[in-house]
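Asker: One structure, as C-alpha coordinates, below. Some questions next.
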Amino acid sequence: MAEVSARHTDLADRGVLITGGGSGIGAALVEGFAAQGARVAFIDIADDASRGLAARVSEKACHPVHYLKADLSDVAAAKAAVDRAAEILGSLSVLVNNAGWDDRHDLEAVTEEYWDQSQAINLKQMFFVSQAAVPHLRKTGGGAIVNFSSIAYLLNMGEMPAYTTAKAGIVGLTKSLAGKLGPENIRVNAILPGMIVTERQKTLWLKEEDIAAMIARQCLKRVLVAEDLVGPCLFLASNASAAMTAQTVVIDGGAL
Ligand SMILES: NC(=O)c1ccc[n+]([C@@H]2O[C@H](COP(=O)([O-])OP(=O)(O)OC[C@H]3O[C@@H](n4cnc5c(N)ncnc54)[C@H](O)[C@@H]3O)[C@@H](O)[C@H]2O)c1
(Lines give C-alpha, C1' and ligand atoms only; values in the text may rest on other atoms or scores of the structure.)
Protein backbone atom coordinates (compact mmCIF):
# COMPACT_ATOMS: atom_id res chain seq x y z
CA MET A 1 0.00 0.00 0.00
CA ALA A 2 1.12 3.56 -0.64
CA GLU A 3 2.56 5.17 2.48
CA VAL A 4 0.33 8.14 3.30
CA SER A 5 0.30 9.31 6.90
CA ALA A 6 -3.04 11.17 6.64
CA ARG A 7 -6.23 9.28 7.40
CA HIS A 8 -9.32 10.64 5.65
CA THR A 9 -12.07 8.87 7.53
CA ASP A 10 -14.77 10.30 5.24
CA LEU A 11 -13.28 8.32 2.33
CA ALA A 12 -13.91 4.98 4.04
CA ASP A 13 -16.60 2.98 2.18
CA ARG A 14 -16.91 5.75 -0.45
CA GLY A 15 -17.22 4.74 -4.11
CA VAL A 16 -14.12 5.90 -5.99
CA LEU A 17 -13.53 5.52 -9.73
CA ILE A 18 -10.04 6.04 -11.16
CA THR A 19 -9.28 6.09 -14.88
CA GLY A 20 -5.96 4.67 -16.04
CA GLY A 21 -5.55 2.94 -12.69
CA GLY A 22 -3.66 -0.04 -14.05
CA SER A 23 -0.15 1.36 -13.90
CA GLY A 24 2.00 4.35 -13.00
CA ILE A 25 0.41 7.13 -10.97
CA GLY A 26 -3.04 5.55 -11.36
CA ALA A 27 -1.88 2.32 -9.71
CA ALA A 28 -0.51 4.28 -6.74
CA LEU A 29 -3.88 6.06 -6.50
CA VAL A 30 -5.77 2.75 -6.55
CA GLU A 31 -3.60 1.54 -3.67
CA GLY A 32 -3.89 4.84 -1.82
CA PHE A 33 -7.69 5.04 -1.94
CA ALA A 34 -8.00 1.34 -1.06
CA ALA A 35 -5.75 1.92 1.96
CA GLN A 36 -8.23 4.57 3.15
CA GLY A 37 -10.98 1.95 3.13
CA ALA A 38 -12.68 3.30 0.00
CA ARG A 39 -14.52 1.06 -2.45
CA VAL A 40 -12.38 1.39 -5.56
CA ALA A 41 -12.92 0.62 -9.25
CA PHE A 42 -10.61 1.57 -12.09
CA ILE A 43 -10.86 1.68 -15.85
CA ASP A 44 -7.89 0.74 -17.99
CA ILE A 45 -6.96 -0.98 -21.21
CA ALA A 46 -3.78 -2.76 -20.11
CA ASP A 47 -5.15 -6.15 -19.11
CA ASP A 48 -2.24 -7.95 -17.46
CA ALA A 49 -1.05 -5.07 -15.31
CA SER A 50 -4.62 -4.17 -14.32
CA ARG A 51 -5.68 -7.70 -13.36
CA GLY A 52 -2.48 -8.15 -11.35
CA LEU A 53 -2.96 -4.87 -9.51
CA ALA A 54 -6.63 -5.53 -8.72
CA ALA A 55 -5.78 -8.96 -7.30
CA ARG A 56 -2.78 -7.68 -5.31
CA VAL A 57 -4.56 -4.69 -3.75
CA SER A 58 -7.76 -6.65 -3.07
CA GLU A 59 -5.80 -9.06 -0.89
CA LYS A 60 -4.92 -6.30 1.60
CA ALA A 61 -7.92 -3.96 1.21
CA CYS A 62 -11.22 -3.82 3.14
CA HIS A 63 -13.15 -4.05 -0.14
CA PRO A 64 -12.31 -5.85 -3.39
CA VAL A 65 -10.82 -3.59 -6.04
CA HIS A 66 -12.57 -3.79 -9.43
CA TYR A 67 -10.86 -3.53 -12.81
CA LEU A 68 -13.06 -2.58 -15.76
CA LYS A 69 -11.58 -2.92 -19.21
CA ALA A 70 -12.48 -0.14 -21.64
CA ASP A 71 -10.76 1.96 -24.28
CA LEU A 72 -11.53 5.44 -22.97
CA SER A 73 -11.11 6.96 -26.43
CA ASP A 74 -14.31 5.11 -27.35
CA VAL A 75 -16.90 7.40 -25.76
CA ALA A 76 -19.70 4.82 -25.66
CA ALA A 77 -17.39 2.24 -24.03
CA ALA A 78 -16.11 4.81 -21.55
CA LYS A 79 -19.61 5.84 -20.50
CA ALA A 80 -20.73 2.24 -20.17
CA ALA A 81 -17.70 1.52 -17.95
CA VAL A 82 -18.57 4.47 -15.67
CA ASP A 83 -22.15 3.24 -15.26
CA ARG A 84 -20.91 -0.29 -14.61
CA ALA A 85 -18.43 0.97 -12.00
CA ALA A 86 -21.18 2.89 -10.18
CA GLU A 87 -23.34 -0.22 -10.24
CA ILE A 88 -20.59 -2.47 -8.86
CA LEU A 89 -19.55 0.04 -6.20
CA GLY A 90 -23.15 0.77 -5.18
CA SER A 91 -22.58 4.54 -5.38
CA LEU A 92 -20.00 6.99 -6.62
CA SER A 93 -18.51 9.87 -4.60
CA VAL A 94 -15.13 10.44 -6.27
CA LEU A 95 -13.93 10.42 -9.86
CA VAL A 96 -10.21 10.65 -10.58
CA ASN A 97 -9.55 11.39 -14.25
CA ASN A 98 -5.97 10.14 -14.39
CA ALA A 99 -5.63 8.31 -17.72
CA GLY A 100 -3.44 9.93 -20.32
CA TRP A 101 -1.08 9.25 -23.22
CA ASP A 102 2.10 11.34 -23.11
CA ASP A 103 3.42 10.28 -26.48
CA ARG A 104 6.21 12.47 -27.90
CA HIS A 105 5.65 13.71 -31.45
CA ASP A 106 7.43 15.99 -33.92
CA LEU A 107 5.54 19.04 -35.12
CA GLU A 108 6.01 17.97 -38.74
CA ALA A 109 4.90 14.39 -38.14
CA VAL A 110 1.52 15.16 -36.56
CA THR A 111 -1.32 14.09 -38.85
CA GLU A 112 -4.96 15.01 -38.38
CA GLU A 113 -5.65 11.43 -37.30
CA TYR A 114 -2.82 11.48 -34.74
CA TRP A 115 -4.00 14.83 -33.36
CA ASP A 116 -7.55 13.53 -32.94
CA GLN A 117 -6.30 10.37 -31.25
CA SER A 118 -4.22 12.34 -28.79
CA GLN A 119 -7.15 14.63 -27.93
CA ALA A 120 -9.47 11.62 -27.67
CA ILE A 121 -7.30 9.95 -25.02
CA ASN A 122 -5.99 13.03 -23.23
CA LEU A 123 -8.94 15.42 -23.25
CA LYS A 124 -12.18 14.31 -24.88
CA GLN A 125 -12.69 11.23 -22.73
CA MET A 126 -12.17 13.31 -19.59
CA PHE A 127 -15.24 15.36 -20.45
CA PHE A 128 -17.40 12.36 -21.33
CA VAL A 129 -16.27 10.27 -18.34
CA SER A 130 -17.14 13.25 -16.11
CA GLN A 131 -20.47 13.69 -17.89
CA ALA A 132 -21.28 10.03 -17.27
CA ALA A 133 -20.18 10.22 -13.62
CA VAL A 134 -22.16 13.34 -12.68
CA PRO A 135 -25.59 11.64 -12.35
CA HIS A 136 -24.01 9.12 -9.97
CA LEU A 137 -22.26 11.84 -7.94
CA ARG A 138 -25.58 13.72 -7.73
CA LYS A 139 -27.26 10.64 -6.31
CA THR A 140 -24.82 10.62 -3.39
CA GLY A 141 -25.53 14.31 -2.72
CA GLY A 142 -22.24 15.63 -4.10
CA GLY A 143 -18.68 14.53 -4.53
CA ALA A 144 -15.30 15.35 -5.98
CA ILE A 145 -13.66 15.13 -9.39
CA VAL A 146 -9.87 15.31 -9.64
CA ASN A 147 -8.42 15.81 -13.11
CA PHE A 148 -4.79 15.08 -13.97
CA SER A 149 -3.23 17.84 -16.06
CA SER A 150 0.54 18.45 -16.18
CA ILE A 151 3.10 21.21 -15.77
CA ALA A 152 4.28 20.23 -19.28
CA TYR A 153 2.10 22.90 -20.91
CA LEU A 154 3.65 25.59 -18.71
CA LEU A 155 7.23 24.62 -19.57
CA ASN A 156 7.07 25.49 -23.28
CA MET A 157 7.94 21.88 -24.06
CA GLY A 158 8.22 21.56 -27.84
CA GLU A 159 8.24 17.80 -28.27
CA MET A 160 4.59 17.04 -27.51
CA PRO A 161 2.26 19.80 -28.79
CA ALA A 162 -0.88 17.61 -29.00
CA TYR A 163 -0.39 16.34 -25.43
CA THR A 164 0.39 19.74 -23.91
CA THR A 165 -2.59 21.32 -25.69
CA ALA A 166 -4.84 18.69 -24.14
CA LYS A 167 -3.25 19.19 -20.70
CA ALA A 168 -3.92 22.95 -20.91
CA GLY A 169 -7.48 22.16 -22.00
CA ILE A 170 -7.96 20.06 -18.86
CA VAL A 171 -7.50 23.19 -16.73
CA GLY A 172 -10.26 24.92 -18.72
CA LEU A 173 -12.46 21.86 -18.40
CA THR A 174 -11.82 21.72 -14.65
CA LYS A 175 -12.84 25.32 -14.10
CA SER A 176 -15.88 25.02 -16.36
CA LEU A 177 -17.14 21.87 -14.61
CA ALA A 178 -16.44 23.43 -11.20
CA GLY A 179 -18.63 26.42 -12.13
CA LYS A 180 -21.43 24.22 -13.38
CA LEU A 181 -21.38 21.61 -10.61
CA GLY A 182 -20.50 23.68 -7.53
CA PRO A 183 -24.16 24.46 -6.73
CA GLU A 184 -24.70 20.70 -6.48
CA ASN A 185 -21.77 20.30 -4.08
CA ILE A 186 -19.62 18.57 -6.67
CA ARG A 187 -16.08 19.95 -6.46
CA VAL A 188 -13.70 19.82 -9.41
CA ASN A 189 -9.96 20.44 -9.10
CA ALA A 190 -6.89 19.62 -11.16
CA ILE A 191 -3.48 18.27 -10.23
CA LEU A 192 -0.47 19.30 -12.32
CA PRO A 193 2.33 16.80 -11.72
CA GLY A 194 5.92 17.62 -12.54
CA MET A 195 8.38 14.93 -13.64
CA ILE A 196 7.13 11.74 -12.02
CA VAL A 197 9.61 8.97 -12.61
CA THR A 198 7.57 5.82 -13.24
CA GLU A 199 8.89 2.61 -14.83
CA ARG A 200 7.16 3.54 -18.09
CA GLN A 201 8.71 7.00 -18.13
CA LYS A 202 12.16 5.49 -17.59
CA THR A 203 11.67 2.87 -20.29
CA LEU A 204 10.23 5.20 -22.92
CA TRP A 205 11.39 8.76 -22.42
CA LEU A 206 13.58 9.68 -19.49
CA LYS A 207 17.36 9.49 -19.69
CA GLU A 208 19.46 9.88 -16.56
CA GLU A 209 20.50 13.37 -17.70
CA ASP A 210 16.83 14.43 -18.08
CA ILE A 211 16.12 13.35 -14.52
CA ALA A 212 19.25 15.11 -13.24
CA ALA A 213 18.29 18.31 -15.10
CA MET A 214 14.80 18.33 -13.56
CA ILE A 215 16.15 17.70 -10.06
CA ALA A 216 18.54 20.62 -10.56
CA ARG A 217 15.53 22.78 -11.45
CA GLN A 218 13.38 21.56 -8.54
CA CYS A 219 13.61 23.08 -5.05
CA LEU A 220 13.38 19.53 -3.66
CA LYS A 221 16.49 17.64 -4.70
CA ARG A 222 15.04 14.19 -5.22
CA VAL A 223 13.22 12.11 -7.80
CA LEU A 224 9.42 12.44 -7.61
CA VAL A 225 7.52 9.15 -7.75
CA ALA A 226 3.90 8.07 -8.28
CA GLU A 227 3.29 7.85 -4.51
CA ASP A 228 3.97 11.60 -4.24
CA LEU A 229 0.63 12.22 -5.96
CA VAL A 230 -1.42 10.07 -3.59
CA GLY A 231 -1.62 12.45 -0.60
CA PRO A 232 -2.61 15.48 -2.70
CA CYS A 233 -5.25 13.47 -4.57
CA LEU A 234 -6.74 12.05 -1.35
CA PHE A 235 -6.86 15.60 0.02
CA LEU A 236 -8.73 16.91 -3.03
CA ALA A 237 -11.13 13.95 -2.95
CA SER A 238 -11.89 14.20 0.77
CA ASN A 239 -13.74 16.61 3.05
CA ALA A 240 -10.34 18.02 4.05
CA SER A 241 -10.69 20.24 0.95
CA ALA A 242 -14.47 20.79 1.32
CA ALA A 243 -14.36 24.50 0.36
CA MET A 244 -11.88 24.06 -2.49
CA THR A 245 -12.97 23.87 -6.11
CA ALA A 246 -11.89 25.17 -9.55
CA GLN A 247 -8.25 25.08 -8.44
CA THR A 248 -5.03 23.72 -9.87
CA VAL A 249 -2.52 22.11 -7.53
CA VAL A 250 1.06 21.80 -8.74
CA ILE A 251 3.02 18.82 -7.40
CA ASP A 252 6.43 19.25 -8.98
CA GLY A 253 8.97 19.56 -6.17
CA GLY A 254 9.16 23.27 -6.89
CA ALA A 255 10.18 23.06 -10.55
CA LEU A 256 7.94 25.94 -11.64
N1 LIG B 1 4.50 10.63 -15.19
C2 LIG B 1 4.66 11.94 -15.28
O3 LIG B 1 5.78 12.48 -15.21
C4 LIG B 1 3.48 12.86 -15.45
C5 LIG B 1 3.72 14.23 -15.45
C6 LIG B 1 2.66 15.10 -15.62
C7 LIG B 1 1.37 14.62 -15.77
N8 LIG B 1 1.18 13.27 -15.77
C9 LIG B 1 -0.22 12.81 -15.95
O10 LIG B 1 -0.57 11.96 -14.90
C11 LIG B 1 -1.43 10.92 -15.39
C12 LIG B 1 -0.82 9.56 -15.11
O13 LIG B 1 0.48 9.53 -15.66
P14 LIG B 1 1.35 8.20 -15.73
O15 LIG B 1 2.74 8.62 -15.99
O16 LIG B 1 1.03 7.32 -14.59
O17 LIG B 1 0.75 7.56 -17.08
P18 LIG B 1 0.88 6.05 -17.63
O19 LIG B 1 0.98 6.18 -19.09
O20 LIG B 1 1.95 5.33 -16.92
O21 LIG B 1 -0.49 5.46 -17.20
C22 LIG B 1 -1.67 5.84 -17.81
C23 LIG B 1 -2.67 4.70 -17.65
O24 LIG B 1 -3.74 4.99 -18.52
C25 LIG B 1 -4.05 3.83 -19.28
N26 LIG B 1 -4.58 4.22 -20.57
C27 LIG B 1 -3.93 4.87 -21.57
N28 LIG B 1 -4.73 5.01 -22.62
C29 LIG B 1 -5.92 4.44 -22.29
C30 LIG B 1 -7.16 4.26 -22.97
N31 LIG B 1 -7.33 4.71 -24.23
N32 LIG B 1 -8.15 3.62 -22.33
C33 LIG B 1 -7.99 3.16 -21.08
N34 LIG B 1 -6.85 3.31 -20.38
C35 LIG B 1 -5.84 3.94 -20.99
C36 LIG B 1 -2.72 3.11 -19.43
O37 LIG B 1 -2.90 1.73 -19.74
C38 LIG B 1 -2.07 3.34 -18.08
O39 LIG B 1 -2.39 2.33 -17.15
C40 LIG B 1 -1.60 11.19 -16.88
O41 LIG B 1 -2.77 11.95 -17.10
C42 LIG B 1 -0.38 12.01 -17.23
O43 LIG B 1 -0.58 12.83 -18.34
C44 LIG B 1 2.19 12.39 -15.62
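Asker: Taking only protein heavy atoms into account and a 1.4 Å probe, give the accessible area per residue of the chain in Å².
Answerer: 44 Å²
Asker: Report, in listed order, any pair from LYS124/LYS180; LYS69/LYS124; LYS139/LYS175; LYS69/LYS202; LYS124/LYS167; LYS69/LYS207 with a Cα-Cα distance greater than 20 Å.
Answerer: Too far apart for the 20 Å limit: LYS139/LYS175; LYS69/LYS202; LYS69/LYS207.
Asker: Given the peptides 175-184, 26-35, arrange them by the average over their residues of other C-beta atoms within 10 Å, most packed first.
Answerer: Most protected by this proxy first, the peptides run 26-35, 175-184.
Asker: Oh, and also: Mind giving me the FRET efficiency for THR9 and ASP83? R0 is 30 Å, r the Cβ-Cβ distance, nearest 0.05 is fine.
Answerer: The formula returns an efficiency of 0.60 here.
Asker: Further, regarding this structure: How would you classify segment 22-121 from its alpha-carbon gyration tensor, with a ≥ b ≥ c the square roots of the eigenvalues: rounded for a/c under 1.5, else prolate if a/b is greater than b/c, otherwise oblate?
Answerer: Prolate.
Asker: Return the long-range amide H neighbours of VAL250 (sequence gap of 5 or more, or a different chain), with a cut-off of under 5 Å between placed amide H atoms.
Answerer: Counting only residues 5 or more places away or on other chains, the set is LEU192.
Asker: When only Cα pairs under 8 Å and 6 or more residues apart are kept, what is the percent relative contact order across the chain?
Answerer: 20 percent
Asker: Further question: Could you give the angle, 0 to 90 degrees to the nearest 10, between helix 24-35's Cα long axis and the longest principal axis of the Cα atoms of the chain?
Answerer: The two axes meet at around 30 degrees.
Asker: Can you tell me how much longer the chain between MET157 and ALA242 gets when fully stretched, taken as 0.36 nm per residue apart minus their C-alpha distance, in nm with one decimal?
Answerer: Answer, rounded to one decimal: 27.2 nm.
Asker: Using only the alpha carbons of segment 9-251, what is the convex hull's orientation-averaged projected area in square nanometres?
Answerer: Mean projected area for segment 9-251: 12.7 nm², to one decimal.
The values are calculated or read from the model by the stated rules, or taken from the named source; none is laboratory data. Fair warning: this is a prediction, and the values are worked out from it, not measured in the lab. Quick reminder, even Gly has a Cβ in these numbers, built from the backbone with ideal geometry, and neighbours come from all protein chains shown. Calculation scope for accessible area: heavy atoms of the full protein, side chains included, ligands and nucleic acids excluded. Shrake-Rupley method; radii C 1.70, N 1.55, O 1.52, S 1.80 Å.
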